[in-house]
Amino acid sequence: MKHLTVKEEEVMRILWEGGAMFVRDILSFYPDPKPHYNTVSTVVRSLEEKGFVGYTAYGITYRYHAIVTEREYRQKTLKGIISQYYNDSYLNVVSSFIEEEQMSVNELKELVASIEQARAKKP
């Protein structure tokens, strides 16, 4: 999966939150001062080229929709980070959190217990 720029992620979050919409609808989600219509249109077309967004034509205008879900994007991005920075090791990620005191050993034990409980409930 291709990497998204900050502006592309902004548009994707709007589409994930609001569903299918026209560029003018996407613009309504931005605070003032809003970006120019052509700027947002260019970002949306870039997302379409990257395979993140599809569209339905209505005459000469297009209504855009997300093809990639937020969950899919999050998972692929996380896997990429773990691959690039943690040698493809989830153990290295968790160790890093504990070493940097972002997570205590007790929190790790709670996490393991909750995962075990969730797995025990699955048929």
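The values are calculated or read from the model by the stated rules, or taken from the named source; none is laboratory data. If you're wondering where the values come from, they're calculated on a predicted model, not measured in any experiment. Because the Cβ atoms are built from the backbone with ideal geometry, glycine has one as well, and the counts that use them run over all protein chains shown.
Taken as a whole, the condition of being touching a Leu at 6+ places or on another chain (Cβ under 6 Å), among the hydrophobic types (A, V, I, L, M, F, W, C) and touching a residue at least 24 places away in the same chain (Cβ under 8 Å) applies to Val53. A search for C-beta distances below 9 Å between a residue of region 16-27 that is touching a residue at least 40 places away in the same chain (Cβ under 8 Å) and any residue that is surrounded by 15 or more Cβ atoms within 10 Å (Cβ to Cβ) and part of a helix (DSSP H, G or I), counting only pairs 6+ apart in sequence or on different chains, returns Trp16/Tyr73; Met21/Ile14; Met21/Leu15; Val23/Val40; Val23/Ser41; Val23/Val44.
Determine the pairs where a residue that is closer than 19 Å to Thr5 by Cβ and hydroxyl-bearing (Ser, Thr, Tyr), located within region 77-94, has a partner that is at pLDDT below 90 and outside any helix (DSSP H, G or I) with Cβ atoms under 9 Å apart, the partner being 6 or more residues away or on another chain. Here the result reads Thr77/Met1; Thr77/His3, each pair linking region 77-94 to a residue that is at pLDDT below 90 and outside any helix (DSSP H, G or I).
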